[in-house]
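Reviewing the structure listed below.
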């Protein structure tokens, strides 16, 4: 077994988190689940971390729960899972970019869906095999997946247990884009740095109201946005601040459109 179950690299406000059980396709043993929960709780509390990239070592993002452990074929870690991963990752205030490098299966699919957005390599494959294993989802897949790709497509995946390739996942809106495998992590890290380069207070509030609106009706979401806009305008927006940022915005626009 790999010595470190989760690797964390810090650079320029970006934390790159790598699930590190490549010999087991990053299967989510009790020990790995506990470590993921601990790592993300620490990142949430670390003020130096502004954005997170999540990926897996080897051929998989993660293939989900360790079925050998779940089936009693091998002994689970003595530690008791005290925090639900859906709660820990789902409540992160900091953006998480999922770099899906390979298999994202069942519980691994659920972890991918907890990210704010996903990029995938051509080798990425998604599947929900809950119905084949005989386990009902508990980390939000049955609710998040239909909202992302539509209920009919979600039912096709969840009721058959069939695999979804990266290009189809992109066409369906599950992943933002497909990136060559050797470029995936670098592209995700650059996007994370782009996030860090924005105004943090404003960015955090935009993410908060987007997440809140995701769980509300359009009318309720509009009210959430209006209230946030009014509070933020009083506390953060001034002519001086806008003028100070204008040149940077113009230069960035020239660079990206040139």
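The values are calculated or read from the model by the stated rules, or taken from the named source; none is laboratory data. All values derive from a computational prediction rather than experimental measurement. Every residue, glycine as well, gets a Cβ built from its backbone with ideal geometry; the counts of neighbours run over all protein chains shown.
The one condition from (1) surrounded by 14 or more Cβ atoms within 10 Å (Cβ to Cβ); (2) farther than 24 Å from residue 172 by Cβ; (3) at pLDDT below 95 that residue 94 does not meet is (3). Within the range 115-167, being within 22 Å of residue 215 (Cα to Cα), surrounded by fewer than 18 Cβ atoms within 10 Å (Cβ to Cβ) and over 18 Å from the mean Cα position of the chain (by Cα) holds for 136, 150, 151, 152, 153, 155.
Residue-level check: of (1) closer than 26 Å to residue 256 by Cβ; (2) free of Cβ contacts under 8 Å to residues at least 60 places away in the same chain; (3) out of contact with any helix residue (DSSP H, G or I) (no Cβ under 8 Å at 6 or more places or on another chain); (4) surrounded by 13 or more Cβ atoms within 10 Å (Cβ to Cβ), residue 183 misses just (4). If residue 47 passes every condition in (1) within 30 Å of residue 197 (Cβ to Cβ); (2) touching a residue at least 24 places away in the same chain (Cβ under 8 Å) but one, which one does it miss? Unmet for residue 47, out of (1) within 30 Å of residue 197 (Cβ to Cβ); (2) touching a residue at least 24 places away in the same chain (Cβ under 8 Å): (2).
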